[in-house]
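Trainee: First the structure, then my questions, so here it is.
The values are calculated or read from the model by the stated rules, or taken from the named source; none is laboratory data. Note that this is a predicted model, so its numbers are computed, not measured. Note that we place each Cβ from the backbone using ideal geometry, even for glycine, and neighbour counts take in every protein chain shown.
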Amino acid sequence: MNNKELKTMEDKIEKLYNVNEMFVSIQGEGSMMGIMCTFIRLFGCNLSCEYCDTKKSLWRAGYESQYKTMNVKAIVEQVTDAGLVYVTITGGEPLLWDLDPLLTVLCQNPHMLVGIETNGTQSIQQLLPFAPQIALSISPKVPRESMEIDELSLQEGGFQSISLKIPYPYTQDISAQSFSSYPATWRSLHLIQRPGEATEMPLTELLSLPPMWRVGIQLHKMLHLK
Ligand code: SF4
């Protein structure tokens, strides 16, 4: 590493993020379900979904917002201490932020797999240099035609995996049918689990979809984990 590269890396290590929380749990959703994971929940989202279960990571009035500012060094130290090689950056909406410094340092470990959980409203271009180490998880909150994700980049970007999780019951004109040809490696009707309420199993809906769609659950909630 020459002096210029060294300075660039030092700058990246000092980059600050507003972190709502970090914790270790199992990944409860998507294609990586059941794997132990270190979660980095970044503060802030551009949406305010009625069923959101992470309102403390939002900045809307009326929610009790919580975060602390951490640099990349402190975040990565915590990831290293956890001893896992699977980390998920979630939110809120993590793609609102410049993730390059954090991803650069995390992906220095060639065995590290980084999950990114996004609502589909932001571009994924900043992820492309790290794609082989990224398990992308997309849970659309706007119709397909309004999403900012470039589908060609999804197709050709070389991501480790792409999970598509369509919230069910449907809201805001989003249906699985409209995403049936979406370039994902794993597709699910993702049951919105509200406390104390049963969600109707979407069997009829599943039968109307192309093969290999599945029901997605939130395993961590069933196991009473974070
Ligand atoms: S996009 Fe996700 S984090 Fe943001 S408000 Fe909706 S459910 Fe919550």
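Trainee: For Leu189, only one of the following conditions fails: (1) at pLDDT 95 or above; (2) over 19 Å from Asn46 (Cα atoms). What is its number?
Mentor: The one condition Leu189 does not meet is (1).
Trainee: Next question. Do we find a residue being closer than 30 Å to Ser146 by Cβ, surrounded by 17 or more Cβ atoms within 10 Å (Cβ to Cβ) and more than 10 Å from the ligand (Cβ to nearest atom) anywhere in region 67-86?
Mentor: Step one: list which residues in region 67-86 are closer than 30 Å to Ser146 by Cβ, which gives 67.
Subset that is surrounded by 17 or more Cβ atoms within 10 Å (Cβ to Cβ): 67.
Next, only the ones that are more than 10 Å from the ligand (Cβ to nearest atom) stay: 67.
Yes, because at least one residue in region 67-86 is closer than 30 Å to Ser146 by Cβ, surrounded by 17 or more Cβ atoms within 10 Å (Cβ to Cβ) and more than 10 Å from the ligand (Cβ to nearest atom).
Trainee: Quick one: what pairs do we get from region 193-210, first residue assigned to a loop (DSSP other than H, G, I, E, B), second at pLDDT below 75, C-beta under 9 Å, 6+ apart or different chains?
Mentor: Gln193/Thr199
Trainee: Moving on to the next point. Of the numbered conditions (1) away from the ligand (no atom under 13 Å from the Cβ); (2) closer than 24 Å to Gln155 by Cα; (3) surrounded by 23 or more Cβ atoms within 10 Å (Cβ to Cβ), Glu117 fails exactly one; give the number of that condition.
Mentor: In the conditions (1) away from the ligand (no atom under 13 Å from the Cβ); (2) closer than 24 Å to Gln155 by Cα; (3) surrounded by 23 or more Cβ atoms within 10 Å (Cβ to Cβ), Glu117 misses (1) alone.
Trainee: Of all residues being at pLDDT 95 or above and part of a loop (DSSP other than H, G, I, E, B) in region 126-142, which is surrounded by the most Cβ atoms within 10 Å (Cβ to Cβ)? Just the residue, please.
Mentor: Out of the qualifying residues, it is Pro140.
Trainee: Checking Glu145 against (1) of a type in the set (Asp, Glu); (2) outside any strand (DSSP E or B); (3) surrounded by 13 or more Cβ atoms within 10 Å (Cβ to Cβ): exactly one of these is not met. Which one?
Mentor: It is condition (3) that Glu145 fails.
Trainee: Those residues that are under 13 Å from the mean Cα position of the chain (by Cα) and within 15 Å of Cys37 (Cα to Cα), I need them from region 96-128; list them, please.
Mentor: Leu113, Val114, Gly115, Ile116, Glu117
Trainee: Restricting to region 41-52, and then to whatever is more than 6 Å from the ligand (Cβ to nearest atom) and touching a residue at least 60 places away in the same chain (Cβ under 8 Å), can you tell me which residue is nearest to Pro169 (Cα to Cα)?
Mentor: Start the filter on region 41-52 by keeping residues that are more than 6 Å from the ligand (Cβ to nearest atom), which leaves 41-44, 46, 50-51.
Filter again for touching a residue at least 60 places away in the same chain (Cβ under 8 Å), leaving 46, 50-51.
Numbers: Asn46: 22, Glu50: 12, Tyr51: 11 Å.
By that ranking, first place goes to Tyr51.
Trainee: Given the criteria exposed (fewer than 14 other Cβ atoms within 10 Å of the Cβ), at pLDDT 95 or above and either assigned to a helix (DSSP H, G or I) or not polar (S, T, N, Q) (or both), does Asp98 qualify?
Mentor: Values: exposed (fewer than 14 other Cβ atoms within 10 Å of the Cβ): yes; at pLDDT 95 or above: yes; either assigned to a helix (DSSP H, G or I) or not polar (S, T, N, Q) (or both): yes.
When the stated conditions are applied, Asp98 passes them.
Trainee: Next up: Let me spell it out: the conditions are (1) assigned to a loop (DSSP other than H, G, I, E, B); (2) buried (at least 18 other Cβ atoms within 10 Å of the Cβ); (3) within 16 Å of the ligand (Cβ to nearest atom), and Phe159 meets all of them except one. Which number is the exception?
Mentor: Of everything listed in (1) assigned to a loop (DSSP other than H, G, I, E, B); (2) buried (at least 18 other Cβ atoms within 10 Å of the Cβ); (3) within 16 Å of the ligand (Cβ to nearest atom), Phe159 misses just condition (3).
Trainee: Quick one: how many residues across region 162-192 are touching a helix residue (DSSP H, G or I) at 6+ places or on another chain (Cβ under 8 Å) and in a strand (DSSP E or B)?
Mentor: 10
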